[in-house]
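Report on the structure given below.
The values are calculated or read from the model by the stated rules, or taken from the named source; none is laboratory data. Keep in mind the model is a prediction, meaning the values are calculated, not measured. Here the Cβ positions follow ideal geometry from the backbone for every residue, glycine too, while neighbour counts run over all protein chains shown.
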Amino acid sequence: MLLELENVSLLYGRIQALHGISLTVDEGEVVALIGANGAGKSTTMRAISGIRPVSAGRIRFAGQDITKLRADLRVVRGISQSPEGRGIFPGMSVQENLDMGAYTRRDKAAIAGDLERVFDLFPRLLERRKQPGGTLSGGEQQMLAVGRALMSRPKLLLLDEPSMGLAPMLIQQIFSIITEINQQGTTVLLVEQNAQQALSRAHRAYVLETGRIVKSGTGQELLHDASVKEAYLGVA
Ligand code: ATP
């Protein structure tokens, strides 16, 4: 097991956003987290990346307890997040943004190889590598955020709403790339509003409702689950 959350709770002041969440991600999997607005999907990601401290429960990664580990040290351990809303550096060039992704690494040759891999996955970023990140289109910024997360060579890639705001054709493309990244050996935990795509691509998935996991199963099981269909797939 690569990642394990055990009864994780998280508070924003007096607001309890997560109520004892337990989930696992195995090495090599794509796991999706689906749920309505405000269900706690992004909060779960923040707990895993260490951006917000948990108030109870335990997080284990690669066999070690990381519940209290600083966020930057989680990156060094192999957890990398491509945040919702993209979060790229608008004043820096595409190339500089990608370099930032590798800031915890010292292995220059391997970094160069990974940069090549990112440009193979996203040829558009290669064309625009000298352009300021802030001048990219929404879809391109999304690619840059994913590319930057990959530059830390993560064991676990956390993707928060990678399809957000993208045109349908680009949504297909970004999901294909996620599958490709996974096939190249990266484990992926994916938060998505686009439940149809996420469940079709994921090995397994969890459904979050008001800070609790209410259902889990393989992507295919959930795609055919009556209540999931009704609530998240727009099919009665
Ligand atoms: P969305 O898809 O709308 O982003 P989500 O499932 O990712 O939803 P979260 O962003 O995790 O949901 O929010 C879970 C709950 O925590 C919501 O009720 C939200 O209002 C609350 N919340 C999130 N961030 C904060 C914050 N910084 N301070 C206070 N409450 C917060």
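Listed here are the residues, each with its yes/no results for (1) within 18 Å of the chain's Cα centre (by Cα); (2) within 12 Å of the ligand (Cβ to nearest atom).
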| position | (1), (2) |
| --- | --- |
| D26 | yes, no |
| G35 | yes, yes |
| T43 | yes, yes |
| K68 | no, no |
| A71 | yes, no |
| D99 | no, no |
| D107 | no, no |
| D114 | no, no |
Of the candidates N37, N7, the one satisfying the condition of being of a type outside the set (A, V, I, L, M, F, W, C), surrounded by fewer than 18 Cβ atoms within 10 Å (Cβ to Cβ) and within 21 Å of L222 (Cβ to Cβ) is N37
For the stretch 8-18 the number of residues that are of a type in the set (V, I, T) and either closer than 15 Å to V191 by Cβ or more than 12 Å from the ligand (Cβ to nearest atom) (or both) is 1
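Conditions (1) at pLDDT 90 or above; (2) of a type in the set (S, T, Y); (3) surrounded by fewer than 21 Cβ atoms within 10 Å (Cβ to Cβ), marked per residue:
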residue	(1), (2), (3)
S152	no, yes, no
S163	no, yes, no
I171	no, no, yes
N182	yes, no, yes
A202	yes, no, no
V214	yes, no, yes
G217	yes, no, yes
L223	yes, no, yes
The one condition S163 fails out of (1) out of contact with any Gly (no Cβ under 9 Å at 6 or more places or on another chain); (2) part of a helix (DSSP H, G or I); (3) within 16 Å of the ligand (Cβ to nearest atom) is (2)
By residue number, the members of the stretch 115-148 that are touching a residue at least 40 places away in the same chain (Cβ under 8 Å), under 17 Å from F89 (Cα atoms) and surrounded by 15 or more Cβ atoms within 10 Å (Cβ to Cβ) are P132, G133, L136, Q141, Q142, L144, A145, V146, G147, R148
The condition from (1) surrounded by 17 or more Cβ atoms within 10 Å (Cβ to Cβ); (2) out of contact with any strand residue (DSSP E or B) (no Cβ under 6 Å at 6 or more places or on another chain) that T186 misses is numbered (2)
Of (1) crowded, with 16+ Cβ neighbours inside 10 Å; (2) assigned to a loop (DSSP other than H, G, I, E, B); (3) of a type in the set (S, T, N, Q), T43 fails just (2)
Do we find that L157 is at pLDDT 90 or above, away from the ligand (no atom under 13 Å from the Cβ), farther than 20 Å from V31 by Cβ and not charged (D, E, K, R) in this structure? no
Listed by first then second residue, the pairs whose first member lies in the stretch 92-110 and is at positive phi and of a type outside the set (K, R), whose partner is part of a helix (DSSP H, G or I) and modelled with pLDDT under 95, with beta carbons under 8 Å and at least 6 positions apart or on separate chains, are none
Scanning the stretch 76-86 for residues that are touching a strand residue (DSSP E or B) at 6+ places or on another chain (Cβ under 9 Å), on the phi > 0 side of the Ramachandran plot and modelled with pLDDT under 90 gives G85
Exception for I21 within (1) over 19 Å from M151 (Cα atoms); (2) away from the ligand (no atom under 16 Å from the Cβ); (3) part of a strand (DSSP E or B) falls at (2)
query = Does L2 count as surrounded by 14 or more Cβ atoms within 10 Å (Cβ to Cβ) and free of Cβ contacts under 8 Å to residues at least 24 places away in the same chain?
reply = no
Filter the stretch 90-116 for residues that are out of contact with any strand residue (DSSP E or B) (no Cβ under 9 Å at 6 or more places or on another chain) and part of a loop (DSSP other than H, G, I, E, B); the one that is nearest to R148 (Cα to Cα) is A102
Expected output for the stretch 167-189 (first residue more than 14 Å from L150 (Cα to Cα), partner assigned to a helix (DSSP H, G or I) and of a type in the set (S, T, Y), Cβ below 9 Å, 6+ apart or cross-chain) is F175/S200
